[in-house]
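The structure appears below as structure tokens.
The values are calculated or read from the model by the stated rules, or taken from the named source; none is laboratory data. Just so it is clear, the structure is predicted and the values come from calculations on it, not from any experiment. No Cβ is skipped: glycine too gets one built from the backbone with ideal geometry, and neighbour counts run over all protein chains shown. We work out accessible area using only protein heavy atoms, side chains counted, and drop any ligands, DNA or RNA first. Shrake-Rupley method; radii C 1.70, N 1.55, O 1.52, S 1.80 Å.
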Amino acid sequence: MAFQERVFSGVQPTGNLHLGNYLGAIKRFVELQDRYDCLYCVVDLHAITVWQDPAELPRATREVTAAFIACGIDPTKHIIFNQSQVAEHAELAWVFNCVARLGWLNRMTQFKEKAGKDRENASVGLYAYPTLMAADILIYRATHVPVGEDQKQHLELSRDIAQKFNNDFRHAIREHGYGDGFFPLPEPLITGEATRVMSLRDGTRKMSKSEPSDYSRINLTDDADAIAQKIRKAKTDPEPLPSEEAGLKLRPEADNLVGIYAALADTTRAGVLGQFGNAQFSTFKSALVDLSVAKLGPIGAEMKRLLRDPVGIDSILAEGSARAQKLAGETMKAVKDIVGFVRS
Ligand code: TRP
């Protein structure tokens with residue numbers, strides 16, 4: 001069965017957005033809007049799987065929303081909304097909790113990492129996180145999902161859930177006129193340079209909001225001075241840049257900075273080395289500062305401008321949520337019929 005092509009993705013409102021969120025996710029969200037109908041969601045239900053201060057969560061939600069818009073997503077052509085305003089996400093997640101198997105969730109590496117040693121004390125929500133993510137995507141019967149490498153396993157689980165639902169309920173699905181399968185098997189879209197941006201202090205660790213040193217990351221709201229300082233202080237090694245990509249292999253910091261340049265300039269690592277091969281880091285870093293300030297400066301400024309009007313942001317979320325809810329409600333009705341829930 002052919003499904004209408006549709007893109008869904010989500011970003012958690014859990015603190016400052018940084019270059020990793022931009023290059024790994026939001027920048028690609030922007031690129032997809034010319035080719036697909038897109039829904040981009042601030043996943044606040046996912047955020048509370050670990051403790052979020054209720055006094056901070058609204059600001060974080062508005063910041064992600066502002067970033068979506070400042071980076072160039074058009075909320076009139078596509079849908080920007082926050083997850084908790086569309087109750088069908090949680091509703092479908094419950095059905096999926098009854099489709100997914102314990103054994104599947106037990107294999108999820110992100111849960112193991114996030115729960116750490118004290119697994120007994122992790123929230124049930126953190127464990128069930130992937131079934132909610134599957135519901136996010138499938139409540140819109142989305143076919144394509146731009147995500148970073150670290151979310152690939154969750155996307156595979158979404159496919160497994162869709163497939164098991166289609167199979168377990170195949171008779172009801174057919175009876176209700178939905179043919180061979182009700183849910184599409186959503187595909188990850190993982191492309192481009194620097195989908196994984198690493199810490200500026202340690203090229204073997206992901207850039208992260210939770211690393212204590214602010215010098216490890218470039219926040220989307222950093223001003224030009226902060227961006228310049230962080231890049232100048234970024235860890236490197238003593239050698240000049242290689243002229244071939246293979247020369248980056250055992251040099252994680254060099255690889256990261258070249259990858260960031262390539263992603264910001266919409267080129268490849270090889271392309272960057274064509275220009276900067278054999279250059280000293282001081283030269284390359286100056287160029288990277290200029291490029292970063294040129295690309296990120298306007299985004300940060302626009303985010304700050306938008307955030308000065310929280311009421312305006314909230315109305316964009318309200319409108320997006322209402323549009324999303326219409327689509328989600330249709331799917332949920334069909335799911336209820338398929339599962340056998342009596343409804344009026
Ligand atoms: N788990 C994703 C992340 O942390 C966020 C997310 C939630 C998501 N629901 C989603 C991404 C649905 C893609 C599709 O990055």
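General observations
- Top-ranked residue of the stretch 1-34 - restricted to ones that are within 19 Å of Pro310 (Cβ to Cβ) and aliphatic (A, V, I, L, M), ranked as farthest from the ligand (Cβ to nearest atom): Leu17
A quick yes/no check of all residues on (1) modelled with pLDDT under 95; (2) under 19 Å from Phe3 (Cβ atoms); (3) among the aromatic types (Phe, Trp, Tyr); (4) open to solvent by less than 20 Å² (accessible area, probe 1.4 Å):
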position: Ala87; (1), (2), (3), (4): no, no, no, no
position: Trp94; (1), (2), (3), (4): no, no, yes, no
position: Cys98; (1), (2), (3), (4): no, no, no, no
position: Arg107; (1), (2), (3), (4): no, no, no, no
position: Lys114; (1), (2), (3), (4): yes, no, no, no
position: Asp118; (1), (2), (3), (4): yes, no, no, no
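- Reported count of residues in the stretch 47-59, each being buried (at least 21 other Cβ atoms within 10 Å of the Cβ) and either away from the ligand (no atom under 12 Å from the Cβ) or without any contact (Cβ under 8 Å) to a residue 40 or more places away in the chain (or both), is 1.
- Per the listing Asp44, Asp37, the residue uniquely within 12 Å of the ligand (Cβ to nearest atom) and in contact (Cβ under 8 Å) with a residue 40 or more places away in the chain is Asp44.
- Any hit, the stretch 153-175, residues being in contact with a strand residue (DSSP E or B) (Cβ under 9 Å, 6 or more places away or on another chain), assigned to a helix (DSSP H, G or I), more than 11 Å from the ligand (Cβ to nearest atom) and open to solvent by 10 Å² or more (accessible area, probe 1.4 Å): yes
- On the stretch given as the stretch 125-137, residues that are under 16 Å from the mean Cα position of the chain (by Cα) and not β-branched (Val, Ile, Thr) total 7.
- Filtered by the rule that a residue be open to solvent by less than 30 Å² (accessible area, probe 1.4 Å) and at positive phi, the stretch 180-224 gives a lone residue, Ala194.
- Against the list (1) open to solvent by 20 Å² or more (accessible area, probe 1.4 Å); (2) in contact with a Lys or Arg (Cβ under 8 Å, 6 or more places away or on another chain), the condition Val30 fails is (2).
- Within the stretch 120-132, the only residue that satisfies the criterion of being within 10 Å of the ligand (Cβ to nearest atom), open to solvent by less than 20 Å² (accessible area, probe 1.4 Å) and in contact (Cβ under 8 Å) with a residue 60 or more places away in the chain is Tyr129.
- Matching residues in the stretch 1-24 - criterion: being within 15 Å of Pro188 (Cβ to Cβ) and open to solvent by 20 Å² or more (accessible area, probe 1.4 Å): Glu5, Arg6, Gly10
- Selection count where residues are closer than 21 Å to Phe68 by Cα and open to solvent by less than 60 Å² (accessible area, probe 1.4 Å), scope the stretch 262-300: 10
Residues are listed down the side, and each one gets a yes or a no for (1) in contact with a Ser or Thr (Cβ under 7 Å, 6 or more places away or on another chain); (2) of a type in the set (Lys, Arg); (3) closer than 23 Å to Met303 by Cβ:
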{"site": "Thr191", "(1), (2), (3)": "no, no, no"}
{"site": "Val197", "(1), (2), (3)": "no, no, yes"}
{"site": "Asp202", "(1), (2), (3)": "no, no, no"}
{"site": "Lys235", "(1), (2), (3)": "no, yes, no"}
{"site": "Ala265", "(1), (2), (3)": "no, no, yes"}
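- Of the set (1) under 20 Å from Val145 (Cβ atoms); (2) touching a strand residue (DSSP E or B) at 6+ places or on another chain (Cβ under 7 Å); (3) part of a loop (DSSP other than H, G, I, E, B), all apply to Asn16 but (1).
- Some residue of the stretch 193-206 being under 24 Å from Ala142 (Cα atoms), touching a residue at least 60 places away in the same chain (Cβ under 8 Å) and either part of a helix (DSSP H, G or I) or β-branched (Val, Ile, Thr) (or both): yes
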